[in-house]
Each structure stands twice: as C-alpha cells, then as structure tokens.
1. Out of all the residues in the range 77-96, which are modelled with pLDDT of 95 or more and in contact with a strand residue (DSSP E or B) (Cβ under 9 Å, 6 or more places away or on another chain)?
2. Could you check the range 110-136 and list, in sequence order, the residues that are within 19 Å of SER16 (Cβ to Cβ) and modelled with pLDDT under 85?
3. Could you please let me know if MET49 is modelled with pLDDT of 95 or more, under 26 Å from SER129 (Cα atoms) and of a type in the set (A, V, I, L, M)?
4. Here is a check on your reading of the model: is ALA35 at pLDDT 95 or above, hydrophobic (A, V, I, L, M, F, W, C) and over 14 Å from the mean Cα position of the chain (by Cα)?
5. Just to be sure I understand, how many residues within the range 32-54 are more than 19 Å from LEU115 (Cβ to Cβ) and surrounded by 19 or more Cβ atoms within 10 Å (Cβ to Cβ)?
6. Could you check ALA48 against (1) of a type in the set (A, V, I, L, M, F, W, C); (2) under 14 Å from the mean Cα position of the chain (by Cα); (3) outside any helix (DSSP H, G or I) and say which number it fails?
7. Do you know which residues across the range 5-30 are closer than 14 Å to LEU87 by Cβ, part of a loop (DSSP other than H, G, I, E, B) and either in contact with an Asp or Glu (Cβ under 6 Å, 6 or more places away or on another chain) or at pLDDT 95 or above (or both)?
8. Taking GLY67 as meeting all but one of (1) out of contact with any Phe, Trp or Tyr (no Cβ under 7 Å at 6 or more places or on another chain); (2) surrounded by 18 or more Cβ atoms within 10 Å (Cβ to Cβ), write down the number of the exception.
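The values are calculated or read from the model by the stated rules, or taken from the named source; none is laboratory data. All figures in this text were calculated on a predicted structure; none of them were measured in a lab. Here the Cβ positions follow ideal geometry from the backbone for every residue, glycine too, while neighbour counts run over all protein chains shown.
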Amino acid sequence: MAESLTEPEIQVQILSRPELLAPVRSMANALAQDAGLDDMSACHLVLAMDEALTNVIRHGYAGSPDGRIWIRLARLPDGPGLRVEILDRARTVDPDQLRSRDLDEIRPGGLGMHLIRSLVDRFEHAARSEGGMRMVLEKRPAHATAGVA
C-alpha cells in the first residue's frame, strides 16, 4: 500500500475514546466540503471514517480508552476530494479476515466493513510493520464518480 501522496492539511492524534469522535467528524466534514465534496459525498466519507474509527476503538483496542489513533486528512492531488488516513497501534488483524457478515442474515451489527466499502470510492487497509493497522479512505464528489464502474 502506498503512503500518502500529499502532505496532510490536518493531522490529529486522539485517544481511543468514543466521545472524541464527534469533534473529529466535525473537522473532517468541514475539510471535505472545503475540498470540493458535495454534502452527500462529505456525509458518506464522514460516516465511513466514523465506522472505521469505531472499529479501531471497539475491536482493535478492545474498548481500552488509552490507545492512540492518528488521523490525517489531505485533499486529493488530482481533483476535488479528500483522503482520510487512519493509523493505530492496536491489535493487528489480517486484512483478509475483515469481512462483513452475509447481508441476508438479519440481525444487528457486523455490517461495518460493508458500510465503509460502499460509502467511499477507495478503501485500503493493511497491517503496519511497526504494529497496528493503516486504513485509507478516499472520496470524490458524486458528479466526479458518476458513470465510473
């Protein structure tokens, strides 16, 4: 997985506490709209980012409130859009094992990975050599991806 191509405009480190997600969502939404995303595309990116961060807190750090999460936000270099990079030092997970449950199975939970993948234009995740995981989410405005298969 390639490292970030552009210098992040915003870098923040948070503790693995759910109550810190609201200010991160607000910050990401503001930058997403400034980076040219329409309201719906910005909302999709922020929701996917929130789900990814929630997964890190809940599953990676098993709810421990003192884990570290680094979030980098950067405009896409080749047009309107935003890249969110999430790094942690939580429990390393084999990316091939990160799957959603069967969508035909009706019950709460287990749809986070499906949700993330369906809301963004690009999603990557991999184990980091220094421990933990790295996730990248990218979103472009809806009009920029129309007709793209």
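1. GLY81, LEU82, ARG83, VAL84, GLU85, ILE86, LEU87, ASP88, ARG89, ALA90, listed by residue number.
2. Listed by number, the list holds a single entry, GLY112.
3. The answer is yes for MET49.
4. yes
5. Here the count works out to 1.
6. Exception for ALA48: condition (3).
7. SER16
8. Checking GLY67 against (1) out of contact with any Phe, Trp or Tyr (no Cβ under 7 Å at 6 or more places or on another chain); (2) surrounded by 18 or more Cβ atoms within 10 Å (Cβ to Cβ), the one that fails is (1).
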